[in-house]
Amino acid sequence: DRRAILAHDVVLTTYHTLREDADWMVTLAWEFVVLDESQHIKNHHSDISRTVRQLQSPRKLALSGTPIENSLSELWSLFNFLNPPLLGSHAGFKKQFLIPIEKDGEADRKAKLGELIKPYFLRRRKKEVAPELPSLTRQVLWIDMDEEQQDLYERTKSAARNELLAIEKEGDYRFHAL
């Protein structure tokens, strides 16, 4: 209810509710918009991302434990909400940073991007937030398969490899590969 929201100083909502009520929520003037778990807007094509970008506020904050999981496009999407002029259009960002860094491995472009976004990041490590937690431990156990398991594994692996090789590298190739 719009009237109920206007009567309060703090409004908490979910991304789903925001998307469903976008027709009137994006028309409100918010003093501050804080996104928790902002990985929900990392796909700049998603409805939620488009809706969040329409929110009108002079102050914005995005909280995320994982600002980048798969691609620098996710970083661009976060900054397109926080400070759109900083990284420019997606096409320009892709040409200037994404392709040179992800495809060509250009360290100087990576450093330039890092310097550009550094003032906007507050990064705290686990030891600063929760020092009582133990260090990460990894335990690798190698287990030998019996002959029947090994045969099934090899057949499944070969079938998957053949299926991937049969996919044409056009259209939604990555989705099929996934």
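The values are calculated or read from the model by the stated rules, or taken from the named source; none is laboratory data. Not measured: the values here are computed from a predicted model. Because the Cβ atoms are built from the backbone with ideal geometry, glycine has one as well, and the counts that use them run over all protein chains shown. We work out accessible area using only protein heavy atoms, side chains counted, and drop any ligands, DNA or RNA first. Shrake-Rupley method; radii C 1.70, N 1.55, O 1.52, S 1.80 Å.
Below are the figures for this structure:
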item: Residue match in region 127-143 (condition: in contact with a Leu (Cβ under 7 Å, 6 or more places away or on another chain), surrounded by 10 or more Cβ atoms within 10 Å (Cβ to Cβ) and modelled with pLDDT under 95); result: no
item: Subset of region 144-178 [surrounded by 10 or more Cβ atoms within 10 Å (Cβ to Cβ), assigned to a helix (DSSP H, G or I) and at pLDDT below 90]; result: A160, R161, E163, L164, Y173, H176, A177
item: Scope region 54-90; condition under 17 Å from the mean Cα position of the chain (by Cα) and aliphatic (A, V, I, L, M); matching residues; result: L61, A62, L63, I68, L72, L75, L78, L82, L87
item: Residue within region 119-136 that is assigned to a helix (DSSP H, G or I), under 24 Å from E37 (Cα atoms) and in contact (Cβ under 8 Å) with a residue 24 or more places away in the chain present; result: yes
item: Per-region count, region 18-75, residues within 24 Å of L116 (Cα to Cα), in contact with a helix residue (DSSP H, G or I) (Cβ under 6 Å, 6 or more places away or on another chain), open to solvent by 50 Å² or more (accessible area, probe 1.4 Å) and of a type in the set (K, R); result: 2
item: Residue count, region 8-31 (criterion: within 29 Å of K94 (Cα to Cα) and not in a helix (DSSP H, G or I)); result: 1
item: Qualifying residue in region 80-95 (condition: surrounded by 10 or more Cβ atoms within 10 Å (Cβ to Cβ), in a loop (DSSP other than H, G, I, E, B) and among the polar types (S, T, N, Q)); result: yes
item: Extreme residue, nearest to the chain's Cα centre (by Cα), among residues of region 1-42 that are β-branched (V, I, T) and over 14 Å from R53 (Cα atoms); result: T14
